[in-house]
1. Taking only DSSP H segments of four or more residues, each worth -39500 (n - 2.57), what value at 222 nm results for the chain once the sum is divided by all its residues, to the nearest 500 deg cm²/dmol?
2. So for the pair N315, H223, with labels modelled 7 Å out along Cα→Cβ, what separation do we get in nm?
3. Taking square-rooted eigenvalues a ≥ b ≥ c of the alpha carbon gyration tensor, is the stretch 10-95 rounded, prolate or oblate, where a/c under 1.5 means rounded and, failing that, a/b exceeding b/c means prolate?
4. Mean projection of the alpha-carbon convex hull of the chain over all orientations, in nm²?
5. Please report the antiparallel percentage of the DSSP beta bridges confined to the stretch 101-328, to the nearest 5.
6. Any idea what diffusion coefficient the stretch 271-329 gets from Stokes-Einstein, in µm²/s, Kirkwood Rh on alpha carbon pairs, 10 °C, 1.306 mPa s?
7. Given K84/K112; K127/K255; K84/K296; K255/K296; K175/K296; K180/K259, which pairs have Cα atoms separated by over 22 Å?
8. With the calculation restricted to Cα positions, what are the radius of gyration and Dmax of the stretch 101-328 in angstrom?
Amino acid sequence: MTETLLAAEAATLPQTRHLATAVPGPRSTELHAERTAQVTNGFGITLPVFVTRAEGGIIEDVDGNRLIDFASGIAVTSLGASNKLVAERVAAQLAAFTHTCFMVTEYESFTKVCAWLNRNTPGDFEKRTGLFSTGAEAVENAIKIARAATGRPNVLVFDEAYHGRSLLTMAMTAKVNPYKLNFGPLPTEIIRAASANPLRPAEGLAAGAEAALESVEATILEHGAGTFAAMVIEPIQGEGGFIVPAAGFIPGLRKLADKYGILLVIDEIQAGMGRTGTLFASEHEGVAGDLILTAKALANGVPLSAVTGRAEVMNAPHAGGLGGTYAGNPLACEAALAVFEQFEDGKLLENARRIEAVAREILEPLLTSTNVVAEIRGRGAMLAIELADAATLEPRADLAKEISSACHAAGVLTLTCGTHGNVVRLLPPLVIGEELLRDGLTVLAGAIADAAN
């Protein structure tokens, strides 16, 4: 692999899987019991282990187990959970000041982050950026900006979309359980259209982009094209199952947006910041959004999000209409500047592409050697395995759960997702070493083979 990727293997925390106890171990079990007594049950948990250290592609827990990290905090710690340059810049800022609120007194790092995003996001036009704290905040502010710019109320979203957990972004998210269940009533100006899932086209539609785009246009016209401020799309649908849309779908949405004067908002919150082997996943589609949303890996674990877009659109809200107490906090801005610096030589993007090549080498034989792997899909270090009966495509959420549980017991942290809960997703740090990557993928492939049998 590349020099950057191999650097993780020289980390101070050994970059090897190691099981000192069962997973979870006795100390984690004690701490989880205390968590249950103190923390609301509304927070779920994938793997109840308590972490003491994390570096490169390894998470070490309180029992001394070293787990291979195929989650990256749900695509957040893409440069490792204790990135040295991020830590140094944040520590220096912490020593200077932690917060002033950018709307009260200013600091240069906020402007520098905005300038980098203006230069590097897709689109050959003048841009402006606003910084916020969370992905859901970025989505909500994009809708505010789009409504201010167009004077229109409605927002078009898509099947299998995920955009957040706030009241508006819950309405924009497709999956009911656990995201919307019991939390209504929700905002009503949200209209849902068909997506272009190659494996599972919308009911009544042929596979491919053409039929999906015809359906989307019909939905726009049904509700009145002049009522839509924005259409919001993930270039790879994350929580929906890491769905790469049928070729031509997102370029087709760009044409529809232009045709009807609707702003195209591209939600890169999970897929962006190098995860797919390009800085932004929409680069694979050759499309620039009028607005583009970033968060998660933007500051490698320090809360930061952004809305970047056409200057005239971004400047539409009145002064004071955007902001937030913690928006663009200086610690987060310094973390983001450290992330940007590490993308300069192109090695991290090369790493993401190499991760995909190794993963496909190990996992794709399962397409023919088992009868439960319906599809292996994704781009770069954003990959997924969909589990379903080969003959009927009946989703097998039970197998996804069984496979993840087996991986966890063996010391490999995996996540599940998908509308039907039948997808195992892989989000390793872009700095993971090849030997460690292969070890984790071998464990995963073995768990899938065992479940199939």
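Values quoted throughout were computed directly from the atomic coordinates according to the rules given, and no laboratory measurement underlies them. These numbers were taken from a predicted model, which means no experiment stands behind them. We place every Cβ from the backbone using ideal geometry, glycine too, and count neighbours over all the protein chains shown.
1. Value at 222 nm, helices only: -11000 deg cm²/dmol.
2. 3.0
3. Numbers: a/c = 2.03, a/b = 1.35, b/c = 1.50.
Verdict is oblate for the stretch 10-95.
4. It is 21.4 nm².
5. Of those bridges, close to 45 percent are antiparallel.
6. So the translational diffusion coefficient is about 122 µm²/s.
7. Over 22 Å Cα-Cα: K255/K296; K180/K259.
8. Cα-based Rg and Dmax for the stretch 101-328 come out at 16.6, 55 Å.
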